[in-house]
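The values are calculated or read from the model by the stated rules, or taken from the named source; none is laboratory data. What you are looking at is a predicted structure, and each value in this text was computed from that prediction instead of being measured. Positions of Cβ are backbone-derived with ideal geometry, glycine not excepted, and every protein chain shown enters the neighbour counts. Calculation scope for accessible area: heavy atoms of the full protein, side chains included, ligands and nucleic acids excluded. Shrake-Rupley method; radii C 1.70, N 1.55, O 1.52, S 1.80 Å.
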Amino acid sequence: MSGNNEGIIVVLSSPSGAGKTTLVKEISRKNNYQISISHTTRKPRSIEKDGKDYYFVSDSEFKNLIDEDRFLEYAKVFQHYYGSSKDAVFKKLESGQNVIFDIDWQGTEQIKKQKLNYRILTIFILPPSRDELYKRLLNRDRNDEKIVKERMAQFNEDVLHWKDYDFTVINDDLENCYKKIIKFIESKNNENDPDYQKLISLHVNSLLN
Ligand code: ADP
Ligand code: 5GP
């Protein structure tokens, strides 16, 4: 457990396109949560800014950071490297700020395994349907069918990790989803409610084809 003057860690993960980046930004904008800005070797999307959405680095820069042990966690996702740098995260936590992560299930596992001295809440986001997910990806990735297909192809494997998270929520209406997440963070409601778990499990089955 963290002391009273230390922040907590909140992690959001999901299959690509379900909405976690949007939700992380909304949570940070309206609450005392600082976003952990990751490093990545992927190329920026047209609306992304270096140092704001990610630190965009080359393969060799990323490898140097690995060698220097600068990452709290890192993983290869969709052919690119992504990682969260230790320095920024711990500085924030030690000064009492809460830190929110938008990372995949591999990174979440790595953070959990380290048994850090901070409270960690992990949240998994689901899309309302495969069709809606496809539309969101297509819209975000500027109709780049190749990227969308690559991300959809990973869906069935990624979605199964919902069981390893403290709380899972369906991102249908954004505002509604945001409210459920805040309620969970503040009170940890629903965490072990078997009816809720069953509902989520049925929803995941409906997403798998
Ligand atoms: P992820 O980070 O999980 O890959 P994003 O946050 O980038 O997903 O969201 C993918 C796309 O879907 C973005 O264009 C975003 O604006 C949109 N989006 C997110 N949540 C919703 C929602 N509840 N309803 C409609 N569109 C959404
Ligand atoms: P995108 O390319 O859509 O921004 O992100 C692709 C995937 O990489 C998403 O699942 C996102 O959560 C994950 N990701 C982003 N940053 C990190 C990180 O620092 N570490 C890990 N493990 N995954 C990350």
Find the residue count for region 30-54, including only residues that are among the basic types (Lys, Arg) and within 14 Å of ligand 1 (Cβ to nearest atom). 2
Considering each of Ile9, Ile47 in turn, give the residue that is free of Cβ contacts under 8 Å to residues at least 40 places away in the same chain and farther than 26 Å from Asn156 by Cβ. Ile47
Report yes if Glu191 is under 26 Å from Phe90 (Cα atoms) and either outside any helix (DSSP H, G or I) or modelled with pLDDT under 95 (or both), otherwise no. no
Do we have Lys180 as without any contact (Cβ under 8 Å) to a residue 24 or more places away in the chain and part of a loop (DSSP other than H, G, I, E, B) here? no
In region 9-53, what count of residues is obtained for those that are part of a helix (DSSP H, G or I), open to solvent by 60 Å² or more (accessible area, probe 1.4 Å) and over 25 Å from Arg70 (Cβ atoms)? 3
Residues located in region 1-45, provided they are over 25 Å from His161 (Cβ atoms) and within 13 Å of ligand 2 (Cβ to nearest atom): Lys43, Pro44
I'd like the residue in region 160-176 that is within 12 Å of ligand 1 (Cβ to nearest atom) and in a helix (DSSP H, G or I) and, out of all such residues, is surrounded by the fewest Cβ atoms within 10 Å (Cβ to Cβ). Glu175
Which of the residues spanning region 54-69 are within 12 Å of ligand 2 (Cβ to nearest atom) and open to solvent by 30 Å² or more (accessible area, probe 1.4 Å)? Tyr54, Tyr55, Phe56
Only one of Asp102, Asp59, Asp144, Asp69 is over 15 Å from the mean Cα position of the chain (by Cα), within 22 Å of Ala18 (Cα to Cα) and acidic (Asp, Glu), namely Asp144
Somewhere in region 16-29, is a residue over 18 Å from the mean Cα position of the chain (by Cα), of a type in the set (A, V, I, L, M, F, W, C) and within 14 Å of ligand 1 (Cβ to nearest atom)? no
Quick check on my filter: what residues within region 91-116 are over 22 Å from Glu26 (Cα atoms) and among the hydrophobic types (A, V, I, L, M, F, W, C)? Ile111, Leu116
